[in-house]
1. Taking segment 114-156 only, how many residues are farther than 19 Å from I170 by Cβ and buried (at least 18 other Cβ atoms within 10 Å of the Cβ)?
2. Taking segment 317-329 only, how many residues are over 20 Å from K275 (Cβ atoms) and either modelled with pLDDT of 85 or more or in a helix (DSSP H, G or I) (or both)?
3. Kindly list the number of the only condition in (1) modelled with pLDDT of 85 or more; (2) more than 21 Å from D236 (Cα to Cα); (3) outside any helix (DSSP H, G or I); (4) within 30 Å of the chain's Cα centre (by Cα) that fails for G303.
4. Say we look at segment 178-201 and pick out the residues that are in contact with a helix residue (DSSP H, G or I) (Cβ under 8 Å, 6 or more places away or on another chain) and assigned to a loop (DSSP other than H, G, I, E, B); which of these is nearest to K246 (Cα to Cα)?
5. Take the residues in segment 130-159 that are in a helix (DSSP H, G or I) and among the hydroxyl-bearing types (S, T, Y), then tell me which one is nearest to A179 (Cα to Cα).
6. Of the residues D204, D236, only one is at pLDDT 95 or above and surrounded by fewer than 22 Cβ atoms within 10 Å (Cβ to Cβ); which?
7. What single numbered condition from (1) closer than 26 Å to L55 by Cα; (2) more than 21 Å from the chain's Cα centre (by Cα); (3) at pLDDT 95 or above fails to hold for Q85?
Amino acid sequence: MNDQPTDQLKTLIQFLESDPENPALLADVAQAALAADQCRLAQETLERLDEVEPLAGQMANLAGIAAMRAGDQQTARRWFDVAQQDNPDDEGLIFNVAWSFALSGDFESSAELITLSLTDKLAQAAMLDVQISHELGRFEEAEAKMDRYIAKHPDYAPLHASVSVLAMDIDRPDLAKDAALKGGRHPDALTTLGALELGEHKLDEAEALFEQALANGHKSPRAEIGRGLVSLARQDYSSAASAIDKGAQQFSDHLGSWIAAGWAHLLAGDGEAAKERFRKALDTDDTFSEAHGSLAVMDVLGGDIEEGKRKAEIAMRLDRSSFSSALAGILIANANHNAEAAERILKRALSSKVLPGGETLEQAIIQSVSFGLGPNSYSS
């Protein structure tokens with residue numbers, strides 16, 4: 001680990017203690033704090049500097065970056081507005097505003113700021129444009145852009161990492177692997193490679209890649225879910241439930257994650273927690289077949305065969321390939337209104353190829369989670 005930014009920051013703070021209103025020292029401390037990833041200290045120092053001499057231009061931009069990295073997007077955009085007063089056409093500032101909008105979940109506003117000129121000049125803007133189109137579900141648009149951007153910025157690893165995420169969602173595994181390999185140590189690239197290894201049931205290799213993606217405190221819901229699916233494949237249901245829960249909460253509206261979390265809890269023996277996760281998916285999108293089908297399984301396991309039939313029929317109407325509705329149908333057909341018999345079938349389904357597509361329950365759960373559903377972060 002390189003401690004140079006931290007050491008430099010300590011030295012500058014000592015100087016500042018002797019001269020607390022020195023604007024040059026305050027600026028140096030703020031920049032060093034940001035380099036050492038101490039965003040709150042950077043913000044506080046810049047606030048002190050603003051009292052000594054009002055921030056403008058480059059220092060206002062620095063204050064915006066500090067606030068943005070600290071998670072305060074409203075303050076970030078206020079400082080970017082100040083910076084733009086002197087430089088309204090500065091494309092670096094325009095990108096920072098677009099990035100801040102993306103971080104706050106306002107993808108439409110972010111997209112409006114990203115121009116062809118911006119993506120040609122800034123590789124980060126090209127990456128963000130791919131991520132935003134992906135996040136908004138504009139898969140064809142994102143796919144059409146990515147070749148141009150890769151040709152324009154062939155050596156920018158984060159762009160390749162973002163393309164690897166998109167490729168997983170548009171069912172292009174060869175492209176996903178190639179892009180992930182070019183993405184270097186970027187967490188998205190590592191997570192894509194982990195997902196591909198998991199798909200081939202190479203659990204140790206997948207786990208190592210997910211762990212690398214999560215190293216140094218990096219927040220990656222896809223890697224958390226991937227790690228949970230590795231535990232699920234190993235039948236370590238408690239660990240699986242914990243990890244998938246964490247990823248699902250970070251994603252918030254990733255339906256497959258809530259379904260996978262529910263199944264992990266059910267297999268760990270906590271039916272109430274399972275129901276809660278399945279209902280979360282249903283509340284998020286009541287047209288999602290797996291939510292209805294999973295709740296149908298819960299009804300059958302609870303002995304309410306008629307309600308299970310009703311929910312399974314809804315799931316099947318929504319998606320005839322729904323694995324949970326297929327499993328519910330198998331339980332209904334074989335349980336003879338006996339909840340214990342249904343539970344035995346469920347456990348056998350975990351490792352036996354009883355589903356119509358020839359999958360085990362474990363395989364079906366893993367396949368139901370899309371690793372490419374949206375990027376994790378909007379940073380380079």
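The values are calculated or read from the model by the stated rules, or taken from the named source; none is laboratory data. Note that this is a predicted model, so its numbers are computed, not measured. Cβ: placed from backbone, ideal geometry, glycine included. Neighbour counts: every protein chain shown.
1. 9
2. 3
3. In the conditions (1) modelled with pLDDT of 85 or more; (2) more than 21 Å from D236 (Cα to Cα); (3) outside any helix (DSSP H, G or I); (4) within 30 Å of the chain's Cα centre (by Cα), G303 misses (4) alone.
4. H186
5. Filtering segment 130-159 for residues that are in a helix (DSSP H, G or I) and among the hydroxyl-bearing types (S, T, Y), the one nearest to A179 (Cα to Cα) comes out as Y149.
6. Of the residues listed, the single one that is at pLDDT 95 or above and surrounded by fewer than 22 Cβ atoms within 10 Å (Cβ to Cβ) is D204.
7. Answer for Q85: the failing condition is (3).
One line per residue, one yes/no per condition, for (1) hydrophobic (A, V, I, L, M, F, W, C); (2) at pLDDT below 95; (3) buried (at least 19 other Cβ atoms within 10 Å of the Cβ):
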position: M1; (1), (2), (3): yes, yes, no
position: T6; (1), (2), (3): no, yes, no
position: T11; (1), (2), (3): no, yes, no
position: S18; (1), (2), (3): no, yes, no
position: N22; (1), (2), (3): no, yes, no
position: L41; (1), (2), (3): yes, yes, yes
position: E44; (1), (2), (3): no, yes, no
position: Q58; (1), (2), (3): no, yes, no
